[in-house]
Amino acid sequence: MRTENAVDPLSEFARWEMPGFAVLATADHHGRPSARWVDVAYVDHGFVYFTNHASRKAADVAVNPVAALCFAVLDRGRQVRAEGTVARLGEVESDAHFATLPRTLQLLAWSSDQRAEIGDRQVVRERFDGHRARFTGQEIPRPLHWGGYRLTPQEMEFWQRRADEIQDRVRYRRGPDGWHTTRLAP
Ligand SMILES: Cc1cc2nc3c(=O)[nH]c(=O)nc-3n(C[C@H](O)[C@H](O)[C@H](O)COP(=O)(O)O)c2cc1C
């Protein structure tokens with residue numbers, strides 16, 4: 001099969017005009033998968049998202065530090081997949097992103113324990129109001145249970161619907177000497 005040395009797929013990703021959210025799939029230590037949407041806050045040498053460190057997605061990558069992201073623009077027939085290793089961001093990087101969030105999202109990060117079962121949404125409302133009162137007139141610091149993760153891709157796939165239904169599907173794989181691309185049957 002023909003493979004070609006290629007440019008970094010993250011540069012290609014930037015040209016594909018994907019939305020700022022994607023489905024994130026993780027698996028626990030038994031290999032049991034789960035998937036959910038996340039906001040991809042920014043893309044540098046990987047895909048960075050933020051969440052509660054007690055959440056299922058965070059617990060999964062703590063024991064099984066690999067994940068997959070799937071982006072799509074369905075009305076343009078486009079999908080981009082990324083698979084790779086996941087690492088927690090440093091405290092300084094998480095602090096920097098937290099500082100850019102609207103105050104309501106900062107208060108929500110303080111108020112919502114994504115692992116907890118709650119009888120009523122009022123529970124979160126009361127915590128939210130309590131934190132809002134506590135932080136009145138001050139900058140809100142990042143809670144230690146909240147922070148970022150970066151998925152560094154080892155493999156990416158770009159899929160584009162074509163008018164003749166012979167879709168384009170191109171895979172990028174990271175090798176010891178850089179990225180290689182291969183065209184796959186659609
Ligand atoms: C469009 C969209 C974006 C979301 N973005 C995030 C996010 O950036 N971080 C997050 O923790 N949850 C986000 N959520 C909620 C998650 O999908 C999920 O319900 C929650 O994080 C709990 O997931 P978990 O128990 O599997 O960890 C988002 C949901 C939607 C629909």
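A short reminder: the numbers here are calculations on the coordinates, not readings from a lab. Just so we're clear, the structure is a prediction, and the values are computed from it rather than from any experiment. Here the Cβ positions follow ideal geometry from the backbone for every residue, glycine too, while neighbour counts run over all protein chains shown.
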Please enumerate the residues belonging to the stretch 148-186 that are part of a loop (DSSP other than H, G, I, E, B) and of a type in the set (K, R). R161, R162
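Please enumerate the residues belonging to the stretch 18-34 that are surrounded by 13 or more Cβ atoms within 10 Å (Cβ to Cβ) and under 18 Å from T152 (Cα atoms). Spell out the reasoning first.
Let us first name the residues in the stretch 18-34 that are surrounded by 13 or more Cβ atoms within 10 Å (Cβ to Cβ), namely 18, 21-28.
If the condition is that a residue be surrounded by 13 or more Cβ atoms within 10 Å (Cβ to Cβ) and under 18 Å from T152 (Cα atoms), then M18, F21, A22, V23, L24, A25, T26, A27 are the ones that fit.
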Any residue in the stretch 142-168 that is under 25 Å from T182 (Cβ atoms) and in contact (Cβ under 8 Å) with a residue 60 or more places away in the chain sitting within a Cβ distance under 8 Å of a residue that is among the basic types (K, R) and not in a strand (DSSP E or B)? List the pairs, counting only those 6 or more apart or interchain. R161/R76; Q167/R161
Given the structure, is A54 under 17 Å from W146 (Cα atoms) and without any contact (Cβ under 8 Å) to a residue 12 or more places away in the chain? no
Every residue in the stretch 25-50 that is out of contact with any strand residue (DSSP E or B) (no Cβ under 7 Å at 6 or more places or on another chain), closer than 16 Å to L89 by Cα and either in a loop (DSSP other than H, G, I, E, B) or near the ligand (Cβ under 7 Å from one of its atoms) (or both), please. D44
Sole miss for D75 among (1) within 12 Å of the ligand (Cβ to nearest atom); (2) not in a loop (DSSP other than H, G, I, E, B) is condition (1)
Which residues, counting only those in the stretch 55-69, are within 8 Å of the ligand (Cβ to nearest atom) and within 9 Å of L24 (Cβ to Cβ)? K57
